[in-house]
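The values are calculated or read from the model by the stated rules, or taken from the named source; none is laboratory data. Given the structure is predicted, the values throughout are model-derived calculations rather than measurements. Here the Cβ positions follow ideal geometry from the backbone for every residue, glycine too, while neighbour counts run over all protein chains shown.
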């Protein structure tokens, strides 16, 4: 089987069959990562450039490790230390890189749609590692992989996405994926952080009460407050946000069932998640990080082999 698309620009563009293929392939690569020798020659002679115009820790390291595990040749680009800082355009930067015979570009950019723009102008396969507030497809895929490990299936699974929905590319990719794979979705957060159009755009339940969301769901995927993307104050203080919308140990203990806690990172401890919850036995946050390498290996492998 092969993916239906040359690029991974967003979950919106994938079919349920594509998603299943990526997750099944990731399962095989996770088994590889448990071996004493974790490296495979699957992408030997494939050259990948990591093109990051925004800061990143988990995503960048995860992609770099996935590339090394697949034996790919890698080139790392940071906008702050490149000619982009001198005013070079995105297209010029990428064309210069491609002249070095690069096969694939993993790209993070602050502008929504930047990977889609590149995909129209260059021949290399593009992997979107996060574009503005649009999508973060590999995060949604690793979240889905982690949920399936815990619950067996996404079909009928109740997932609450809590926090800053308006500014989160993780939220959008998760909603697209969960809907395609048959899960039920609820979003929870302050009215100012949930887009007004969401109920018309997506088949989701909406609540402004975090306790209601936690009682309803099987999985709570808690998002970071993205202060760097907010131009206006959208809630009073971080302390008040924590009091009204933070997930606390006492809340989880009152629930009628045990739920799974997830977070894409980085965590604002004491804001959207208390440390006792983030580090507690219901949290699978570190499993998400581990699964990210296997999922990104699967994406790179499938896109590279589609080209052959």
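Assorted remarks:
- Residue count for region 127-171 under the criterion of being in a loop (DSSP other than H, G, I, E, B) and within 26 Å of residue 238 (Cβ to Cβ): the result is 10.
- Of all residues in region 244-267 being part of a helix (DSSP H, G or I) and within 27 Å of the chain's Cα centre (by Cα), the one that is surrounded by the most Cβ atoms within 10 Å (Cβ to Cβ): 245
- Selection status of residue 302, at pLDDT below 95 and over 18 Å from residue 143 (Cα atoms): no
- All of 138, 153, 192, 237 fail the test of being surrounded by fewer than 17 Cβ atoms within 10 Å (Cβ to Cβ) and either within 25 Å of residue 297 (Cα to Cα) or in contact with a strand residue (DSSP E or B) (Cβ under 9 Å, 6 or more places away or on another chain) (or both), apart from 153.
- Output for region 268-281, where each listed residue is crowded, with 17+ Cβ neighbours inside 10 Å and within 30 Å of residue 34 (Cβ to Cβ): 273, 277, 278
- Candidates 267, 261 - the one that is closer than 22 Å to residue 133 by Cα and modelled with pLDDT of 90 or more: 267
- Qualifying residue in region 14-22 (condition: at pLDDT below 95, surrounded by fewer than 22 Cβ atoms within 10 Å (Cβ to Cβ) and either in a loop (DSSP other than H, G, I, E, B) or outside the structural domain of residue 91 (by TED's automatic domain parsing) (or both)): no
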